[in-house]
Amino acid sequence: MRLSLRFIIPLAIVLAAIAYAVIPLVDRLTLKWFVRDLDIRSSLVANAVQDPLLELIRVGTKNKMVAFFSRITQDERLFAIGYCDSTQKQLIATKTLPHDISCKNLEKFRDSAAQVLDSARGPLHVSVQDIEQEGTQIGRLVLVHDMSFIQRRSEETKKYVFYFFVGLGAIVSLITVVIAQLKLLACRNRHGLLAEHIDPRTREQWGNFVQTYSMVGLINSAIRLSIRWDQAF
């Protein structure tokens, strides 16, 4: 048991250190992956609503635009939508649009590092898409996605990574102990005995073998199982 612990404890420490370093890395990679997916989703939504949005812009009815945006935000992940015209004077948006977003600061959300906005509800992904008509930009569409589901999945990912390293540690520890036991048993002499000391390179056995006192139980068992000497001779 003591020999096994000499292998298992250092292995557990190393695996714990690797897990401590890997989990934050997995978290960052997962976040980048979801942000990239939300960027693609935002582009698809903007392309899908561009034609009806251009018609509403031509009519110039603000209430109808807000109602149109509200219907789109019935999607569970789409949190808010807003529109700024090219003059950046008027922001037409749903009521759920965060106050930190305005027509004057939309440019900063084009940077991937600033796309995630913290709020009381949780992290929000902000995407700014250009609305063009005949090759001319007439405004910008702001799409805000709820990222709370990413937090939940990130926690699940951390849990699975932790369980993976626990299982890996258990398997490697078991294999290490079995190999150590097999190597130890391979050092036995032709009688199946092990000396007190063994040369790890040559497997030559040094020192005393098992004393008779420790073999009393085996000797007594052999005597009880064998026939009496006066009957054998």
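Values quoted throughout were computed directly from the atomic coordinates according to the rules given, and no laboratory measurement underlies them. In this text, all values refer to a predicted model and were calculated from it rather than measured experimentally. Positions of Cβ are backbone-derived with ideal geometry, glycine not excepted, and every protein chain shown enters the neighbour counts.
Order the peptides 220-228, 70-78, 136-144 from the highest to the lowest mean number of other Cβ atoms within 10 Å of their residues.
Values: 220-228: 8.8, 70-78: 13.6, 136-144: 19.2.
Averaged packing, sorted descending, gives the order 136-144, 70-78, 220-228.
Give me the net charge of Y83's neighbourhood, meaning all other residues with Cβ under 15 Å from the Cβ of Y83; Lys, Arg count +1, Asp, Glu -1.
Taking every other residue near Y83 into account, the sum is +3.
Using Cα atoms only, what is the angle between the long axis of helix 216-225 and the major principal axis of the chain, expressed in degrees (0 to 90) to the nearest 10?
Rounded to the nearest ten degrees, it is 70.
Identify unpaired cysteines across the chain, taking unpaired to mean no other cysteine Cβ lies under 4.7 Å from the residue's Cβ.
That list is C187.
Towards the positive end of the charge dipole of the chain, with charges on Cβ (+1 Lys, Arg; -1 Asp, Glu), say which of S119, Q231, L182 has the farthest Cα.
Projecting each Cα onto the dipole axis, the largest value belongs to Q231.
How far is helix 148-185 tilted off the main Cα axis of the chain, in degrees rounded to 10, range 0 to 90?
20
With an 8 Å Cα cut-off and a minimum separation of 6 or more residues, compute the relative contact order for the chain in percent. Don't jump to the answer; show the numbers that get you there.
Details: 222 pairs, mean separation 42.7, N = 233.
For the chain, the relative contact order is 18 percent.
Between N220, L15, I101, whose Cα lies farthest towards the positive end of the dipole of the chain when Lys and Arg beta carbons carry +1 and Asp and Glu beta carbons carry -1, centred on the Cα centre?
Value computed over the given set: N220.
Testing the spin-label approximation: label points 7 Å from Cα along Cα→Cβ at I223 and E107. State their distance in nm.
Modelled inter-label distance: 10.1 nm.
Helix 62-72 against the longest principal axis of the chain: what's the angle in degrees, Cα atoms only, rounded to the nearest 10?
Roughly 20 degrees, rounded to the nearest 10.
Arranged from highest to lowest average of other beta-carbon atoms within 10 Å per residue, in what order do the peptides 177-189, 47-59, 122-134 appear?
Packing order, densest peptide first, comes out as 122-134, 47-59, 177-189.
Under the rule of at least 5 residues apart or a separate chain, name every residue whose amide H is placed under 5 Å from the amide H of L117.
L124, H125, V126
Report the charge-dipole magnitude of region 2-153 in Debye, nearest 20, computed about the Cα centre from +1 at each Lys and Arg Cβ and -1 at each Asp and Glu Cβ.
On the way: 20 positive and 16 negative charges, 133 e Å.
Once rounded to the nearest 20, the dipole reads 640 debye.
Please give every one of the lysines within straight-line cross-link reach of K89, meaning a C-alpha to C-alpha distance under 25 Å, and leave out same-chain neighbours fewer than 8 residues apart.
K62, K64, K104, K108
Below 27 Å, Cα to Cα, which lysines can K159 reach? Residues fewer than 8 away in the same chain don't count.
Of all the lysines, those that pass the test against K159 - Cα under 27 Å, at least 8 places apart if same chain - are K32.
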